[in-house]
Amino acid sequence: RFTARFKDHPSYSLKSDIDKYRSFVVTFYVVDGTLSIYEPKQRNSGIDSTKYLERCRVKKPNSSVHYRMNDLYVGAQLVIHARLFELQGA
């Protein structure tokens, strides 16, 4: 389980400044190699807890290979649905 934030990148630009401060929980399930991502509720932010990604296998960009356990570590960057996530904590 990791915490993550959107990362700005020319190929994957953020839609608004608010996106910089959104935090997510990325869960990797070793048993079947699936990922899930949700945004926990943050007090007084106006953002409700939402699911970003239902539990499923996710392919790396421009590849037929799925993300695996060794791809996830603090500081790793994942591209999921044209958004760049940076894993910040475990």
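Structure values in brief
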{"read-out": "Net charge of neighbours whose Cβ lies under 12 Å from the Cβ of ASP32, counting Lys and Arg as +1 and Asp and Glu as -1", "value": "+3"}
{"read-out": "Amide H contacts of ALA76 (H built 1.01 Å from N, under 5 Å, at least 5 apart or other chain)", "value": "LEU87"}
{"read-out": "Rough spin-label spacing in nm, given labels placed 7 Å along Cα→Cβ, for GLU54 and ASP19", "value": "2.3"}
{"read-out": "Accessible area of the chain belonging to carbon and sulfur atoms, whole % at 1.4 Å probe", "value": "49"}
{"read-out": "For the chain, alpha-carbon Rg over 2.2 N^0.38 Å", "value": "1.06"}
{"read-out": "Neighbour net charge for ALA76 - beta-carbon separation under 14 angstrom, K R +1, D E -1", "value": "+3"}
{"read-out": "Within a Gaussian network of the chain (alpha carbon springs, distance under 10 Å), most fluctuating of VAL58, VAL26, VAL74", "value": "VAL74"}
{"read-out": "About the Cα centre, charge dipole magnitude for the chain (Lys/Arg +1, Asp/Glu -1 at Cβ), debye", "value": "80"}
{"read-out": "Whole-number accessible area per residue in Å² for the chain, which is evaluated in the context of all protein chains at 1.4 Å", "value": "66"}
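The values are calculated or read from the model by the stated rules, or taken from the named source; none is laboratory data. Bear in mind the structure is a predicted one, so any value in this text is a computation, not a measurement. Note that each Cβ is placed from the backbone with ideal geometry, even for glycine, and that neighbours are counted across all protein chains shown. These area figures cover heavy atoms from the full protein model, side chains too; ligands, DNA and RNA do not enter into them. Shrake-Rupley method; radii C 1.70, N 1.55, O 1.52, S 1.80 Å.
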